[in-house]
Amino acid sequence: MDREKHAEALDGLSGVKHKIAIYWRLYVDWLAGLGWGRLVLISLLALILSGVLALSGAVVFLILMSFLVKACVAPKPSKPAALTERTEEEMKQDRGAYHG
């Protein structure tokens, strides 16, 4: 392909490639934070909608890929470990504040 004749099209493809990578990372991050129950519910709703739109083959593939990605990605911690670890002294102080 001649770069001078097709430079605009190639630049567009380069931009699309960059955006796909960004959206993939966002999707994987969203899946990592999503619980299994919600993923099952969303999958069920997607299957119902795909049945109405006659897109069941593509949607089943996407659902299976989502479960595979979810199983391979470590879940995001809800709080940083530094905030969840407390010493026994801090817990005793908190108990004392509530009881007296």
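The values are calculated or read from the model by the stated rules, or taken from the named source; none is laboratory data. Just so it is clear, the structure is predicted and the values come from calculations on it, not from any experiment. Positions of Cβ are backbone-derived with ideal geometry, glycine not excepted, and every protein chain shown enters the neighbour counts. Remember, those area values only see protein heavy atoms, side chains included, never the ligands or the DNA or RNA. Shrake-Rupley method; radii C 1.70, N 1.55, O 1.52, S 1.80 Å.
In the set (1) touching a helix residue (DSSP H, G or I) at 6+ places or on another chain (Cβ under 8 Å); (2) closer than 14 Å to ALA71 by Cα; (3) not acidic (Asp, Glu), VAL40 fails one condition alone, (1).
Residue pairs whose Cβ atoms lie under 6 Å apart, separated by 6 or more positions or on different chains, with the first residue in the range 8-33 and on the phi < 0 side of the Ramachandran plot and the second of a type in the set (D, E, K, R) and assigned to a helix (DSSP H, G or I), are LEU31/LYS70.
Scanning the range 1-20 for residues that are modelled with pLDDT under 90 and aliphatic (A, V, I, L, M), we see that the one that is least open to solvent (accessible area, probe 1.4 Å) is ALA7.
The set of residues in the range 22-49 being of a type in the set (Gly, Ala, Ser) and at pLDDT 90 or above consists of GLY37, SER43, ALA46. Does the range 76-95 contain any residue that is modelled with pLDDT of 75 or more and either touching a strand residue (DSSP E or B) at 6+ places or on another chain (Cβ under 8 Å) or surrounded by 10 or more Cβ atoms within 10 Å (Cβ to Cβ) (or both)? Checked the range 76-95: no residue is modelled with pLDDT of 75 or more and either touching a strand residue (DSSP E or B) at 6+ places or on another chain (Cβ under 8 Å) or surrounded by 10 or more Cβ atoms within 10 Å (Cβ to Cβ) (or both).
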